[in-house]
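These notes concern the structure reproduced below.
The values are calculated or read from the model by the stated rules, or taken from the named source; none is laboratory data. Computed from a prediction, not measured in an experiment: that's the story for all the values here. Here the Cβ positions follow ideal geometry from the backbone for every residue, glycine too, while neighbour counts run over all protein chains shown.
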Amino acid sequence: MNEHEAQTGTAHQGDANGVAELVERAFQYRGDVTVRIDDGSSVTGYLFNRNGRSSEPFAQLFEAQTGREVSLPYRIIAEVLFTGRDAAAAADQRFEALQGLREEEQAGRGAERHGA
């Protein structure tokens, strides 16, 4: 699986390092995530902030449906699903494809100038 494919992660209650690692991965991800909470509910949105060094570590999301800010303490996070499309990754892929086309065009022009 490459870094831009759908990912998932689970942490067990009381596994502070596991949750911190999941939240960090979700923060680096540039799409929506779904955070499953230990009570069975979930929140889907863009994780825009986290603080694992706070006396009460937390993650903050902009909820996908409403845009409201939601703050979730690490201690209630059970699972993080990377559910949204990573928009920046898609842009990176389009840019790389465009660069490849430009290089092909330049190589073709160079061959034309040299009589090939």
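Annotations
- When 58, 62, 48 are checked against the criterion of being farther than 13 Å from residue 82 by Cβ and under 12 Å from the mean Cα position of the chain (by Cα), a single residue qualifies: 48.
- Scanning region 30-40 for residues that are closer than 18 Å to residue 67 by Cα and assigned to a loop (DSSP other than H, G, I, E, B) yields 30, 31, 32.
- Scanning region 37-78 for residues that are closer than 13 Å to residue 19 by Cβ and surrounded by 17 or more Cβ atoms within 10 Å (Cβ to Cβ) turns up 47, 50, 57, 58, 59, 72, 74, 77, 78.
Residue-wise test of (1) among the small types (Gly, Ala, Ser); (2) modelled with pLDDT under 95.
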site	(1), (2)
26	yes, yes
55	yes, no
69	no, no
81	no, yes
86	no, yes
91	yes, yes
104	no, yes
107	yes, yes
115	yes, yes
